[in-house]
Amino acid sequence: MANNRNVYQQKTTVSIPKEELLNHVVYNFNLGKKDLRLCLFLFTQLDGYSEPDSRNYSDPKNFTFVNAKKIANTLDMSKKDVEKCIENLINEGIIEEGHSEATKGYRFTF
């Protein structure tokens, strides 16, 4: 498997670049317990994208729709809390909101 420098998930595995995980999430003291729980859950749902060193690649626009109500039920949180956590993750530069051809959604910034 090629060395991928972005977050991505497959059927049974998740790949997260270690340095980015440490710098964006682990060492981020602005994140609360709910933010961290949601972030861990999103690692199983979203891919990531960061600008490559070479300009030969185009943005894949790999944004994925997130259903806050379903996530809230899964994590035993309120929909309002999930939405607040998503906003916190955006404000901390961990995820970003955008549009793919078919949907409005989110992806990791690394």
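When the residues of the range 26-76 are filtered to those that are hydroxyl-bearing (Ser, Thr, Tyr) and within 11 Å of the chain's Cα centre (by Cα), which remaining residue is farthest from Thr103 (Cα to Cα)? Walk me through it before giving the result.
Within the range 26-76, the subset hydroxyl-bearing (Ser, Thr, Tyr) is 27, 44, 49-50, 54, 57-58, 64, 74.
Now narrow it down to the ones that are within 11 Å of the chain's Cα centre (by Cα): 44, 49, 64.
Details: Thr44: 18, Tyr49: 17, Thr64: 7 Å.
So the residue we want is Thr44.
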Out of all the residues in the range 16-37, which are more than 22 Å from Glu83 (Cα to Cα), acidic (Asp, Glu) and surrounded by 12 or more Cβ atoms within 10 Å (Cβ to Cβ)? Glu20
From the set of residues in the range 87-110 that are of a type in the set (Val, Ile, Thr) and touching a helix residue (DSSP H, G or I) at 6+ places or on another chain (Cβ under 7 Å), which is nearest to Lys18 (Cα to Cα)? Ile94
If I ask for residues that are surrounded by fewer than 12 Cβ atoms within 10 Å (Cβ to Cβ), closer than 14 Å to Leu42 by Cβ and not basic (Lys, Arg), which ones from the range 66-92 would you list? Thr74
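If we scan the range 41-48, do we find a residue that is surrounded by 12 or more Cβ atoms within 10 Å (Cβ to Cβ), within 22 Å of Lys80 (Cα to Cα) and polar (S, T, N, Q)? Step through it out loud before you land on a result.
Pass one, the range 41-48, residues surrounded by 12 or more Cβ atoms within 10 Å (Cβ to Cβ): 41-43, 45-48.
Subset that is within 22 Å of Lys80 (Cα to Cα): 41-43, 45-46.
Imposing the further condition that a residue be polar (S, T, N, Q) reduces the set to 45.
So far as the range 41-48 goes, yes, one or more of its residues are surrounded by 12 or more Cβ atoms within 10 Å (Cβ to Cβ), within 22 Å of Lys80 (Cα to Cα) and polar (S, T, N, Q).
Conditions (1) in contact with a Cys (Cβ under 8 Å, 6 or more places away or on another chain); (2) free of Cβ contacts under 8 Å to residues at least 12 places away in the same chain, marked per residue:
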position	(1), (2)
Phe29	no, yes
Asp35	yes, no
Leu40	no, yes
Phe63	no, no
Within the range 75-110, how many residues are in contact (Cβ under 8 Å) with a residue 24 or more places away in the chain, among the polar types (S, T, N, Q) and closer than 27 Å to Tyr27 by Cβ? 2
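The numbers here are math on the coordinates, done by the rules we state, and not lab data. In this text the structure is predicted, and so the values were computed from the model without any measurement. No Cβ is skipped: glycine too gets one built from the backbone with ideal geometry, and neighbour counts run over all protein chains shown.
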